[in-house]
Amino acid sequence: MPLTLRDATQEDETGWRSLWEAYLAFYAVDLAPAVTDATWARLMDPASPLKARLALRGDRITGFAIHQHHPSSWVPGDDCYLEDLFVADTERGKGTGRALIDDLIALARAKGWHRLYWHTDEGNVRARALYDSYALSDGHIRYRLTL
């Protein structure tokens, strides 16, 4: 069955939430339901820069790429931040992650965004193999301060 890539719609909520829960479990993260609710609301809000592209096989959501664009002080236009990329266990190794990244690259180019960037856990060897095929790590280290 061919892979389809498209924007998330309101009708995708149940399928997205199921995959989102698998994503959180993968990273051993327990978010309050209100956070997931707020994330979904942002994804559906036309005024929000936070958006989701979905990968589907038939009518089953098999992956997502949550991204947002924002102004940059380093280029005259916007950057695109790939915040969350996840592919269902049963879909891994079938090119779905690569298809989602390629799709986001095409979307960013079409919108005139200047750069696409993301980060991942340094121990996520499988994802890093895919990411390294696009660009090697630029050596930056992320710092996160919870407020």
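The values are calculated or read from the model by the stated rules, or taken from the named source; none is laboratory data. Quantities reported herein were computed from a predicted structural model and do not represent experimental measurements. Note that each Cβ is placed from the backbone with ideal geometry, even for glycine, and that neighbours are counted across all protein chains shown.
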Check your understanding: Could you count how many residues in the range 7-24 are surrounded by 12 or more Cβ atoms within 10 Å (Cβ to Cβ) and either of a type outside the set (Gly, Ala, Ser) or in contact with a His (Cβ under 7 Å, 6 or more places away or on another chain) (or both)?
Key -> 10
Check your understanding: Listed residues 36, 90, 62, 9; which is under 14 Å from the mean Cα position of the chain (by Cα) and hydroxyl-bearing (Ser, Thr, Tyr)?
Key -> 62
Exercise for review: Name the single residue, out of those in the range 127-137 being surrounded by 12 or more Cβ atoms within 10 Å (Cβ to Cβ) and under 17 Å from residue 87 (Cβ atoms), that is modelled with the highest pLDDT.
Suggested key: 134
Practice item. Please work out if residue 47 is farther than 20 Å from residue 107 by Cα and at pLDDT 95 or above. Key: no
Review point. Within the range 92-113, restricting attention to residues that are touching a strand residue (DSSP E or B) at 6+ places or on another chain (Cβ under 6 Å) and not hydrophobic (A, V, I, L, M, F, W, C), which residue is surrounded by the fewest Cβ atoms within 10 Å (Cβ to Cβ)?
Key: 103
Practice item. Determine, yes or no, whether residue 106 is in a loop (DSSP other than H, G, I, E, B), free of Cβ contacts under 8 Å to residues at least 60 places away in the same chain and either more than 20 Å from residue 2 (Cα to Cα) or not acidic (Asp, Glu) (or both). Key: no
